[in-house]
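Here is the structure we will look at.
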Amino acid sequence: MRAPRRSSAGPLPAWAEVALLPLVNIALAFIVVGVIVAIIGVDPFHALRLLVVGALGSWESIGYTLYYATNFTFTGLAVAVAFHAGLFNIGGEGQAYLGGLGCGLAILALDRWLPAWLMVPIAIAAAALFGAAWAAVPAWLQAWRGSHIVITTIMFNFVASALMVYLMVNVLIAPGSMTPQSRGFAPSGELPAIAGLPLNLSLALALACCVAVWVFLWHTPWGYALRTMGHNPEAAVYAGTNLRRMTMLAMCFSGALAGFVGVNELMGVHHRIVLDFQAGYGFAGIAVALMGRNHPLGVLLAALLFGALQQGGAELAFEIPTITREMVVVIQGLIILFSGALAHLPRPWLQLLFARRAS
Amino acid sequence: MQALTPAPAAIELRGIDKSFGVVHAVRGVSLRIEPGTITGIVGENGAGKSTLMSILYGLYRADAGEIWIGGQPAEMASPRDAIGHGIGMVHQHFMLIDTFTVLENLVLGAEGGALLAGGLAAARAELARLARDYGLSVDPDARVADLSVGEQQRVEILKVLFRGARILILDEPSAVLTPQETDRLFDILRTLKARGVTIILITHKLREIVAATDRVYVMRQGKIVAERRTRDTGSEELAELMVGRKVRLDLEKVPVRQGEILLSTEHLSLVDDRGVRLLDDVGIELRAGEIVGIAGITGNGQSELLQVLSGIRAPSAGRLTVCGHTIDPGHPGNPAHMRELGLAHVPEDRLRQGLVAAFLASETSILGYQDGPPFTRNYLLDGPAVGAHCAELMERFDVRPRSPGLRSSHFSGGNQQKLVLAREIARLPRVLLVGQPTRGVDIGAIEFIHRELVKARDSGCAMLVVSVELDEILSLADRILVMFAGRIVGEVEPGRADERTLGLMMTGAAAA
């Protein structure tokens, strides 16, 4: 890449780097969205108001926003952990799916005998275990066979999808049911939720995962070795890290995090195993991690934004018929584009601005 | 204005100034380079010589100042402008495509049309002319991968001349060459000069400045601190000007006091997946209190030797004994285990192995020692302990700036190396492997690093030093082993060795 012409403008202050730049990115995305919305004949300010009110205007909408954000936090963290190890985990979708299967199987097997205080932790552990196991196979293939993890994880999404359909249609379907879903969980297999809302205790689990990821990556020797591998595998070998084992560890951790989507969806909302509860969250996790700069706090903030967009977008599509569900996806796509792929676009302007102000 | 200067200078820089944020890299530099001369620019790392050349080549734009080429003011907005003004740059790292032929590399970026054939034919004719005029002969149809390093460099120079350059900037051209190849390079430069090409040589090797240039500029802290006619100066004075104080180029050592054997190898061999024999029947004994130097041209097995000795790669045959512990193909070691045995390793390439550029200096200061106390307690890294450890290393090894919280990549090469060395020596290892102790390190730091290595040796450490710098091997080592094609081809005592014979042994032409 060519050196910038005006490299005399120095680096940005830290606060501008972490706060101002993302805000400018989002603002740019909204301007472009506004233009598109205006083109299809809707007043962009009216649409924006609907979006914001739809996402944050009432306790109910805030509840929905936080519920969506919970899922985005899990998958965003999953991508971030793998990314720090230099691994691009595109398989969040499948790992989330299998995580749901894990906690669902545990509950279906045990919920009639165990009390909630025992059932819930076991089910959460099962979600983590199944998510991790689904990530472990591509990790093993990468570590021992050299199969590229991007390819294998994405293939495993399809395998997961087919497996779930088979299991739901042929094995786990509730007797007498016309739709492919399992019998309902007993109350001991349900997470406490806010009455009438999908928001449930999984939010606390998501916050705990943010803290755990932060502690693991920056305050344990394993996290240190994992980041060393991600930045510089040769240095990791030099330092004595077993890259194969570390690849397994990173992907299992990542898969477990993605698996918690199943906890939020099945234990928190559906209270039974259903199909396609994970749809889209795994892939959106890539954008969330990208936007959150792979830092747990950034992931949390990005997940809140994505949650708000999901909820506000649904309201928008409901209120204005010309703005369809697809239009909302376009809006999300533009935000991903501006805060991910074009994240550094406004940097030179900001640098110039700061340099001018300083002189 | 031009009436004042009878013959316009090939290059004239007037008051060039450049800052990167708070770093004032180049401060009001003015210099004048006469056509058809070889001018050297020396300075420590971070003195601003690379930045200055990048400005001249259009990679950076100066904050202030003017560039005049051949008596005309020139605007260098990009390398394209620089090439348009007849300036060419030969980079330290070759920018060649290995699988292409010389001719194909030559036309890359100057193909001259949608179809290659015409451009290639024209290029072949032009290459023949260049070979005739400058005595630069290279087989146009040879694959670059099959050429020696010296020949590859010749292709780089041809590439620049092919684009019509009359001013040549060479950045550390001898870094990868043997003494013989370096001599050959200087012959080529003299021929080019005789044909009127203006040459700028950036290097930190003072011997080469003295051997090859007509005039030399010394840079320190972004400024030109001295300009000398080469024949009026010498290495000692230039070193002093570069560093800003007296520098001892020779190294004081007390006589060697050998102790017990701490590392030994028997019939050690390494064969890679494709069956290439990288190490061939290597037998080495390393005793406490001595420095054994491995001389050799890059790529003759030195890197692999360090990898096997440090446990990074397992040997294919033979055995290795470190502090009483034996490693062979059936019982491979690993770097963590080697560290526990008391073996420390300063890797050849600090950026690729020895540190993580994106890590803080404090994080780099525990690389390889992160597991267990004193840095890990109760499964958690002890941040304050790591920071304090790093601050202590920085103080002891004079790492500047003394900021454990600064990213490793923001330190100069010399300071990065001091930090890596500090990390490895601080554990008082019984065996220390050092690869290229002073690669890319400036003179002031070289002196310091050499003294620290000798200090460790005097305190009873068994040390193996691999270096492509013969000077370094000659001044550090108590015994010199020469490697060629994966074998130890000879052992020489430093008192009885000179660069010429060592150079011949390194190419396999002579045995001791």
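Quick notes on this structure:
- Members of the range B:412-452 found to be in a helix (DSSP H, G or I) and closer than 22 Å to B:Gln258 by Cα, listed by number: B:Glu424, B:Ile425, B:Ala426, B:Ile449, B:His450, B:Arg451, B:Glu452
- Out of A:Thr179, A:Thr228, sole residue that is within 14 Å of another protein chain (Cβ to nearest Cβ), of a type in the set (Ser, Thr, Tyr) and more than 23 Å from the chain's Cα centre (by Cα): A:Thr228
- Here B:Ala47 qualifies as surrounded by 20 or more Cβ atoms within 10 Å (Cβ to Cβ), more than 14 Å from chain A (Cβ to nearest Cβ) and touching a residue at least 12 places away in the same chain (Cβ under 8 Å).
Okay, residues lined up against (1) in contact (Cβ under 8 Å) with a residue 12 or more places away in the chain; (2) within 12 Å of B:Ile41 (Cα to Cα); (3) not aliphatic (A, V, I, L, M):
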site: B:Val138; (1), (2), (3): yes, no, no
site: B:Val149; (1), (2), (3): yes, no, no
site: B:Gln152; (1), (2), (3): yes, no, yes
site: B:Thr182; (1), (2), (3): yes, no, yes
site: B:Thr191; (1), (2), (3): yes, no, yes
site: B:Thr198; (1), (2), (3): yes, no, yes
site: B:Arg207; (1), (2), (3): yes, no, yes
site: B:Met219; (1), (2), (3): yes, yes, no
site: B:Val225; (1), (2), (3): yes, yes, no
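- The range B:130-175, residues that are farther than 18 Å from B:Ala194 by Cβ, touching a Gly at 6+ places or on another chain (Cβ under 9 Å) and basic (Lys, Arg): B:Lys159, B:Arg163
- Residue in the range B:237-256 that is among the charged types (D, E, K, R), part of a strand (DSSP E or B) and over 19 Å from B:Thr438 (Cβ atoms) present: no
- Comparison of B:Thr203, B:Thr191, B:Thr198 shows that the only residue that is of a type in the set (Ser, Thr, Tyr) and loosely packed, with under 15 Cβ neighbours inside 10 Å is B:Thr191.
- Selection count where residues are at pLDDT below 80 and surrounded by 13 or more Cβ atoms within 10 Å (Cβ to Cβ), scope the range A:344-359: 1
- Residue within the range A:96-115 that is farther than 22 Å from A:His270 by Cα and either free of Cβ contacts under 8 Å to residues at least 40 places away in the same chain or surrounded by fewer than 20 Cβ atoms within 10 Å (Cβ to Cβ) (or both) present: no
- Leading residue by the ranking (surrounded by the most Cβ atoms within 10 Å (Cβ to Cβ)) among those in the range A:304-343 that are farther than 21 Å from A:Pro44 by Cα and in contact (Cβ under 8 Å) with a residue 12 or more places away in the chain: A:Leu304
- Single residue of A:Leu163, A:Leu191, A:Leu141 found to be under 19 Å from A:Leu266 (Cβ atoms) and assigned to a helix (DSSP H, G or I): A:Leu163
- Qualifying residue in the range A:91-102 (condition: hydrophobic (A, V, I, L, M, F, W, C) and closer than 30 Å to A:Leu316 by Cα): yes
- Residues in the range A:231-246 that are surrounded by 22 or more Cβ atoms within 10 Å (Cβ to Cβ) and facing chain B (nearest Cβ under 7 Å): A:Asn232, A:Ala235, A:Tyr238, A:Ala239, A:Gly240.
- Flag if B:Ala422 is without any contact (Cβ under 8 Å) to a residue 60 or more places away in the chain and closer than 23 Å to B:Val243 by Cα: yes
- Of the residues contained in the range A:39-58, none is found to be of a type in the set (S, T, N, Q) and part of a helix (DSSP H, G or I).
- Of the strands (runs of 3 or more DSSP E) that lie entirely inside the range B:20-102, those containing 1 or more residues that are farther than 15 Å from B:Asp171 by Cβ and under 24 Å from the mean Cα position of the chain (by Cα) span B:23-33.
- Within the range A:9-38, considering residues that are of a type outside the set (A, V, I, L, M), under 30 Å from B:Asp63 (Cα atoms) and assigned to a helix (DSSP H, G or I), the one nearest to the other protein chains (Cβ to nearest Cβ): A:Glu17
- Residue within the range B:453-465 that is polar (S, T, N, Q) and in a helix (DSSP H, G or I) present: no
- Within the range B:391-423, being within 14 Å of another protein chain (Cβ to nearest Cβ) and not β-branched (Val, Ile, Thr) holds for B:Gly405, B:Leu406, B:Arg407, B:Ser408, B:Ser409, B:His410, B:Gln416, B:Leu419, B:Arg423.
- Qualifying residue in the range B:361-379 (condition: touching a residue at least 60 places away in the same chain (Cβ under 8 Å), surrounded by 24 or more Cβ atoms within 10 Å (Cβ to Cβ) and at the interface with chain A (Cβ under 7 Å from one of its Cβ atoms)): no
- Enumeration of residues in the range B:380-408 that are under 31 Å from the mean Cα position of the chain (by Cα), free of Cβ contacts under 8 Å to residues at least 40 places away in the same chain and part of a loop (DSSP other than H, G, I, E, B): B:Val399, B:Arg400, B:Pro401, B:Arg402
- Taken together, the residues in the range B:127-177 that are among the hydroxyl-bearing types (Ser, Thr, Tyr) and within 16 Å of B:Phe94 (Cβ to Cβ) amount to 2.
- Cβ-Cβ contacts under 7 Å between residues 6 or more apart (or on different chains), taken from a first residue in the range B:20-41 that is under 14 Å from B:Ile67 (Cβ atoms) to a second residue that is in a loop (DSSP other than H, G, I, E, B) and not hydrophobic (A, V, I, L, M, F, W, C), are listed as B:Val26/B:Gly48; B:Val26/B:Gly222.
- Filter result for B:Ala344 (surrounded by 17 or more Cβ atoms within 10 Å (Cβ to Cβ), out of contact with any strand residue (DSSP E or B) (no Cβ under 6 Å at 6 or more places or on another chain) and more than 10 Å from every other protein chain (Cβ to nearest Cβ)): no
The values are calculated or read from the model by the stated rules, or taken from the named source; none is laboratory data. Remember, it's a predicted structure, so these values are computed and weren't measured experimentally. Positions of Cβ are generated from backbone atoms using ideal geometry, with glycine treated the same way; all protein chains shown enter the neighbour counts.
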